[in-house]
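Q: Please read through the structure below; I'll follow up with questions.
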Amino acid sequence: MGRYVVKRLIYMVPTLFGMSIIAFLIIQLPPGDYLTSMISRMTESGENVDPAQVARLREVYGLADPVWLQYWKWISGILLRGDFGYSFEWNRPVADLIWERMGSTLALSVASLLFVWAVALPIGIYSAMRRHSLGDHVFTFIGFIGFAIPNFILALTLMYVAYRYLGMSVGGLQSPEFIDQPWSWAKFVDLLAHLWIPIIVIGTAGTAALIRILRANLTDELNKPYVITAKAKGLPEYRAVIKYPVRIALNPFVSAIGWVLPELISGVTITAIVLNLPTAGPLLLRALVSQDMYLAGSFILLMGVLTLIGMLVSDLLLALLDPRIRFT
Amino acid sequence: MSVQSAVELKPVAAPDPQVVLAVENLSLDFRLRTEILHAVRDVSFTLKRGQTLCLVGESGSGKSVTARALLRIIDKNGAITGGRILLRGKHAEIDIAPLTERSRELLRIRGGRIGLVFQEPMSSLSPVHTIGSQIVEALRLHRRMDKAAARAETIELLRQVEIPNPEKMIDRYTFEFSGGQRQRAMIAMALAADPEILIADEPTTALDVTTQAEILDLIKRLQVERGMAMLLITHDMGVVAEVADEVAVMHFGRIVEQGPVDDIFHDARHPYTRRLLASTVKLEQNRRAAPAPTGEPVLSVRNLNKVFGGTPGWFGSATFAIKAVEDVSFDLHAGENLGIVGESGSGKTTLGRLILRTVEPTSGSILYRGGEGEPVEVTALGKRGLRAYHRDVRLVFQDPFASLNPRMTVKQIVGDPLYVSGASRGAALEKRVGELLEFVGLDPLSMERYPHAFSGGQRQRIGIARALALDPKVLIADEATAALDVSIRAQILDLLLDIQKRLPLSFIFISHDISVVRYFCDRVAVMHRGRVVEMGTAEEICTAPKAAYTQSLISAVPNPDPRHKRMLHRTRFRA
């Protein structure tokens, strides 16, 4: 097992290298650079642009260098100094910007994931065991609605309801009075009061998908002979089902971790913008729009790293859960 | 629902104290999409202490459903529509039929008073829990025990079912057990709470003959030690003759005949029982008068080897190598049937694939003389040559359900080889497919139907028609009859023999079933751990085997005659 983990970590190195190149190329693909998009914005708002000034900036930022040299500057900074470069737009180091947003992003991701599991597991089990019953149909119906409604509409609806009928402060993760305050119990409670809307909005589609997956998997497992063995042993039905087939049908839940991590950062961008959440998604979007290349590149690279880590974690968890999987 | 029939029953006179379970007029229905299936109709039997009742029947006769109904394990769409299941014994008499799924009485009976062992040793235990934890669970459900005591008891149980190193094996997972060991563990679990009745549903069907003999021995021994009543469900008349005290024959959900084992075998009344026995006994003889092989062999295999693994891994560590086939040589003559028998893992299937070169041999030669012109060295053939070779040497598969594409019509399936090889198209192809179907005893008009419309035996006929499409010289049949019922098996074998009379064909017949090989083959090669340990005419191998391994193999085959039980004095082979 230890050997396997080391081997996987070593394999990650070339993968990461490839990903960094692809990330960098993606940023370079659209025509122009940060300065051209800045110039066009400035001319739109009627400001004058001094060509000499632009040329000097281009020199300073190294935007005139060949692509490979720019890539080398960027990647060597990350590897040798942990320096992710400098954001043109925010005039701050990229690392600061990212870490600032990472905490809230991670908290939101984990909370949503737990919500998805807590809801999807019992409903999925119920639906599989009482297939084609009234309850199953009701849950399936709700699940498909949750699946079909775009996240941002759900977000807007929930915000309206919370503001209009519950009189809550909505948007963001904190009420205005707590922002920039040190952590306290009241601030934590306030965070929870804000967290439920994004959690429901982000979790609904995932919940619906996992219910369907679990229902399908469990339906297959329920007909396996070992379930009859468990029943013939004298186990009550629910205990027999939870201990044996559910355990095996859980595998896709664990495998999901691999893609859930990056998904939660990039996938919920629209929701985050609508709800004004201080997470990584909106920042990434702005960086891409304004061709803030070091910020965008670092984000894409970070998402790649998260995917790799997520895959490794889910593979290892899968091995713990299912002894048939052995690593050599 | 059961009140009606219960009232009509005659009051039973003083019940036999030996009877522990009495099933009276049990009926079971299943709601299907378009109809109601009466899976079990009016079935009655009794189980007596220390005795074995064998429930015999072919697939779909309702025997497994009956057995599971005794524990009230019934699929969602099924229901007991009448009759009683009376469990007697130390306690007061209890009727299992009206109990509900969640009642405590039922949970106490399941595993506590009636144990169940069933067919699939591969999948009847959970793959993600250790063997020990699954047995401990059964113990703690029915006996008041703490964890340590239950663990000690589990080790003792594993020792009783003769699993070596029970202290270590208790913490192993099912995939670390062989098929026979899994079935032993399953038996240990069924016996954990010391039940009065053991239901064994095809407990040895998926096992090799020698393992089957050992498991049957074990069950018998435990039954005698504990004085259990046993209900053994099987389709194998040989097993019935070896272990049964009484026999009940099931056909289409009814028990058509029941009585002591000797009466059933030597004085069967019902025509169905007689037919079942006839098709079993028929397979006990060799139908072919083996002509001395003449002329040049069609296929000469010399020193064939196949090693799996053994190549260095990525990090330079050499992996474990398995010699699947080791130094195998034989000749196959024109019109000859060569049987290859062996237990699972003996390399017989690999050998078949090596001859077809779907698996590349590691070394050795295969010389084919069937085609026109010069003999061909198969191991040296290129892609084009191999395609021509595959036209002459074809394969019939084991699983008639998995080997036919469910989305293709029979015409497409049978015509596929013709179409691919470009032999015929259009109306000519249709005509040829019709001929082939007629040839294997199917209605040519059914060629537009899909495989699901056919029974297992009919599907195997379709598979044979497909193999015959290109006028092959050699057919390799890999366990071609293993998935079929006894009577169907005999029909398919007769069909193949009949085809052989009309076409110049040779067969390589790979099977684990000695009786099938004996019936069908001229010569037999016995494989054990990749090697051919003995080769001779079918009669020689079956009646006077020379090698020690063959002797143990042959003597483990159950004899369908309760007056001459063979397994009791079988020779055991240790290597």
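The values are calculated or read from the model by the stated rules, or taken from the named source; none is laboratory data. Model, not experiment: these values are computed from the prediction. No Cβ is skipped: glycine too gets one built from the backbone with ideal geometry, and neighbour counts run over all protein chains shown. Surface accessibility is based on the protein's heavy atoms, side chains included, excluding ligands, DNA and RNA. Shrake-Rupley method; radii C 1.70, N 1.55, O 1.52, S 1.80 Å.
Q: With point charges of +1 on the Cβ of Lys and Arg and -1 on the Cβ of Asp and Glu, referenced to the Cα centre of the protein assembly as shown, which listed residue (A:209, B:85, A:70) lies farthest in the positive direction of the dipole?
A: Farthest towards the positive end: B:85.
Q: Could you work out [θ]222 nm for chain A from helices alone, using -39500 (n - 2.57) per DSSP H run of at least four and dividing by all its residues? Round to the nearest 500 deg cm²/dmol.
A: Helix contribution divided over all residues of chain A: -24500 deg cm²/dmol.
Q: Where does chain B land on the Kirkwood hydrodynamic radius, alpha-carbon pairs, in angstrom?
A: After inverting the mean inverse Cα-Cα distance, the result is 26.2 Å.
Q: What is the magnitude of the charge dipole of the protein assembly as shown about its Cα centre, with +1 placed on the Cβ of each Lys and Arg, -1 on the Cβ of each Asp and Glu, and no other charges, expressed in debye to the nearest 20?
A: So the dipole magnitude of the protein assembly as shown works out to roughly 940 debye.
Q: Let me ask something else. What is segment B:3-282's relative contact order, in percent, from Cα pairs under 8 angstrom and six or more apart in sequence?
A: 25 percent
Q: Hey, another quick one. Among A:298, A:197, A:244, whose Cα lies farthest out toward the positive end of the dipole of chain A, if unit charges sit on the beta carbon of Lys, Arg (+1) and Asp, Glu (-1)?
A: Farthest along the dipole direction, towards plus: A:244.
Q: Which of the listed residues, B:356, B:488, B:265, is farthest toward the dipole's positive end in chain B, when Lys, Arg count +1 and Asp, Glu count -1 at the beta-carbon?
A: The residue sitting most towards the positive pole is B:356.
Q: Which whole-angstrom value gives the distance between the alpha carbon centres of segment A:203-236 and segment B:329-390?
A: What the calculation gives is 45 Å, centre to centre.
Q: Can you sort A:42, A:311, B:250 by 1.4 Å-probe accessible area, starting with the largest?
A: The ranking, largest first, comes out as A:311, A:42, B:250.
Q: Can you tell me, using C-alpha contacts under 8 Å and at least 6 residues apart, the relative contact order of segment A:2-94 as a whole percent?
A: So the answer I get is 16 percent.
Q: Something else about it: Normalising by the residue count of chain A, find the relative contact order in percent from Cα pairs under 8 Å and 6+ residues apart.
A: In percent, rounded to a whole number, it is 26.
Q: Next up: Among A:146, A:310, A:62, which one moves the most in a GNM of chain A with springs linking Cα atoms closer than 10 Å?
A: A:62
Q: Tell me which GluC sites (Glu not before Pro) from segment A:47-99 have a DSSP coil assignment and no more than 10 other beta carbons within 10 Å of their own.
A: A:47
Q: Can you give me the accessible area per residue for the protein assembly as shown, using a 1.4 Å probe, in Å²?
A: Counting only protein heavy atoms, the per-residue value for the protein assembly as shown is 47 Å².
Q: Add -39500 (n - 2.57) for each DSSP H run of 4 or more in chain B, then divide by its residues: what number comes out at 222 nm, to the nearest 500 deg cm²/dmol?
A: Dividing the helical sum by the residues of chain B leaves -10000 deg cm²/dmol.
Q: Something else: How large is the convex hull of the C-alpha atoms of segment A:89-190 per residue, in Å³?
A: Per residue, the Cα convex hull of segment A:89-190 comes to 172 Å³.
Q: Moving to a separate point now. Over 25 Å between Cα atoms: which of B:383/B:431; B:431/B:473; A:7/B:323; A:243/B:48; A:7/A:243 fall into that group?
A: Result: B:383/B:431; A:7/B:323; A:243/B:48; A:7/A:243 exceed 25 Å.
Q: I would also like to ask the following. Using alpha carbon coordinates only, what is the Rg to Rh ratio of segment B:3-282, with Rh defined as the Kirkwood radius?
A: Using Cα coordinates only, the ratio equals 0.96.
Q: For a bin width of 20 Å, list the pair-distance distribution of chain A built from all Cα-Cα distances, rounded to whole %.
A: Pair shares across the bins are 24, 48, 24, 3, 0.
Q: So for segment A:2-94, Kirkwood radius off the Cα pairs, Stokes-Einstein at 10 °C and 1.306 mPa s: how many µm² s⁻¹?
A: The diffusion coefficient I find is 101 µm²/s.
Q: Moving on. Measure nothing but the geometry: give the 0 to 90° angle between the long axis through the Cα atoms of A:185-222 and the longest principal axis through the Cα atoms of chain A, rounded to 10°.
A: 50 degrees
Q: Something else: Taking N as the number of residues in the protein assembly as shown, what value does Rg over Cα atoms divided by 2.2 N^0.38 Å take?
A: Against the compact-globule rule of thumb, the ratio is 1.21.
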